[in-house]
Amino acid sequence: MSFSASRAQSAGFSAADEANGNTEADGYERTRLSFGIESALTPTLTIGANAFVEDGRSDFDEFQSVPPFLPTDGTPGDDLSERETVGWRVYGEALAFGADHRLAVSGYATDRESFFDGFASAFQSERLAVDYVATGQLSDTVQLSAGLNWLDETAEYGALPGGSASTQSYGLFVESVYAPTDRFDLTTALRFYEHSEFCAFTTV
């Protein structure tokens, strides 16, 4: 098992040119907690999990609302962004049928709210992913790997059409490594990938 806590904080400085009157310091702070656990259930099966939660705040410079949109001090102290993120991953590793198998499921979520000149803007997103890889030796000189990955992403934001959007994608791959000597490796791979917003394609 493992556990960690970290804290970062900076008084910051103005990201815009102080010669143009931008004297406000843009500070930053972040707190993060992380956790992990792994257990070898048998000599051929291991399972584990990791997770973290992070809370942060950052200041930024105000911008003029008309072109050329130059940064300005405006009303110092009320232009900031607050963000909370959570991530997790559970996984298993097994030796079976002459191959090493690795399966992982992970998730990530962001909740961010920005404040500018008294106005608030919210953004939320979630991501869920599944990854699987199997690797085995076909012979003394040939290693073969195969796997898949799947990804689902969603977001809610006022600037998006309808206020929300989502995408899905998945990929399949096969890779072989031919190593007849200690000084020579030949790797070949085939991958198919499809994205809900773009066309499917295959790479070799």
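Structural remarks
- Filter pass, residue 65 being exposed (fewer than 14 other Cβ atoms within 10 Å of the Cβ), of a type outside the set (Phe, Trp, Tyr) and at pLDDT below 90: yes
- Condition check for residue 126: acidic (Asp, Glu) and modelled with pLDDT of 95 or more: yes
- One residue from 164, 169 being within 23 Å of residue 92 (Cα to Cα) and among the polar types (S, T, N, Q): 169
- Restricting segment 81-106 to residues that are under 19 Å from residue 119 (Cβ atoms) and surrounded by 16 or more Cβ atoms within 10 Å (Cβ to Cβ), the residue that is modelled with the lowest pLDDT: 81
- Tally, over segment 168-204, of residues that are part of a strand (DSSP E or B), in contact (Cβ under 8 Å) with a residue 12 or more places away in the chain and surrounded by fewer than 14 Cβ atoms within 10 Å (Cβ to Cβ): 8
- Candidates in segment 114-133 are the residues that are open to solvent by 50 Å² or more (accessible area, probe 1.4 Å) and of a type in the set (A, V, I, L, M); of these, the one that is farthest from residue 167 (Cα to Cα) is 120.
- Filtered by the rule that a residue be surrounded by 14 or more Cβ atoms within 10 Å (Cβ to Cβ) and more than 23 Å from residue 81 (Cβ to Cβ), segment 150-166 gives 150, 151, 152.
- Residue pairs meeting the criteria (Cβ under 7 Å; at least 6 apart or on separate chains; first open to solvent by 40 Å² or more (accessible area, probe 1.4 Å), in segment 134-149; second outside any strand (DSSP E or B)): 144/138
The values are calculated or read from the model by the stated rules, or taken from the named source; none is laboratory data. Given the structure is predicted, the values throughout are model-derived calculations rather than measurements. Every residue, glycine as well, gets a Cβ built from its backbone with ideal geometry; the counts of neighbours run over all protein chains shown. All accessible areas refer to the heavy atoms of the entire protein, side chains included, with ligands and DNA or RNA removed. Shrake-Rupley method; radii C 1.70, N 1.55, O 1.52, S 1.80 Å.
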